[in-house]
1. For a 19 Å ceiling on Cα separation, which of these pairs sit above it: K8/K67; K27/K62; K13/K88; K29/K84?
2. Could you sort 32-40, 76-84 so that the peptide with the highest average Cβ count within 10 Å comes first and the rest follow in order?
3. When the helix-only estimate is applied to the chain (DSSP H runs of n ≥ 4, each -39,500 (n - 2.57), divided by the residue count), what is the mean residue ellipticity at 222 nm, nearest 500 deg cm²/dmol?
4. Tell me which label goes with the value of mean projected area of the Cα convex hull in nm² computed from the coordinates here: (i) 7.5; (ii) 5.7; (iii) 7.9.
5. Applying 1/(1 + (r/R0)^6) with R0 = 22 Å to the Cβ-Cβ distance of V46 and E14, what FRET efficiency is obtained, to the nearest 0.05?
6. Compute the distance in nm between two label points, each set 7 Å from the Cα along the Cα-to-Cβ direction, one at S24 and one at K39.
7. For the ranges 51-63, 17-29, what's the packing order if you count other beta-carbon atoms within 10 Å of each residue, average per peptide, and put the highest first?
8. Going by how many other Cβ atoms sit within 10 Å of their own, how do R92, R43 line up, fewest first?
Amino acid sequence: KPKPVKPKSRIVKEVDFKVQISSSSKKVKTASYNFKGLKGVERVRVGAHHKYYYGKTSDYNKVLELKKKAKAKGYTSAFIVAFKYGRKVSVRDVLAGK
């Protein structure tokens with residue numbers, strides 16, 4: 001049985017990629033039991049809502065794997081977001097080198 005080939009890293013300097021798994025007006029404790037076993041969930045308040053992010057990496061290929069894991073746990077609408085110097089930026093622009 002061949003070993004699965006790990007994708008090459010695709011590091012984007014000064015950028016943190018995260019997987020947004022949920023957004024809610026309710027504040028939920030970020031313990032793994034509240035997020036189908038996912039560890040390392042972060043809550044950020046944006047206006048009246050709380051956004052819940054899973055994982056944090058500057059490697060785009062790694063965040064793709066995190067998104068796949070979140071979807072497998074039932075977060076079917078999970079998507080990737082990017083932050084540069086703490087500010088949300090377009091994933092497309094970051095990957096295009098903008």
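1. K27/K62; K29/K84
2. In descending order of packing, they fall as 76-84, 32-40.
3. Computed ellipticity for the chain at 222 nm equals -5000 deg cm²/dmol.
4. This structure yields the entry labelled (i).
5. 0.55
6. Those two pseudo-labels are separated by 2.2 nm.
7. 51-63, 17-29
8. R92, R43
Where a number appears in this text, it was derived from the coordinates with a stated rule and is not lab data. Small disclaimer: the values here were computed from a predicted structure and weren't measured. Quick reminder, even Gly has a Cβ in these numbers, built from the backbone with ideal geometry, and neighbours come from all protein chains shown.
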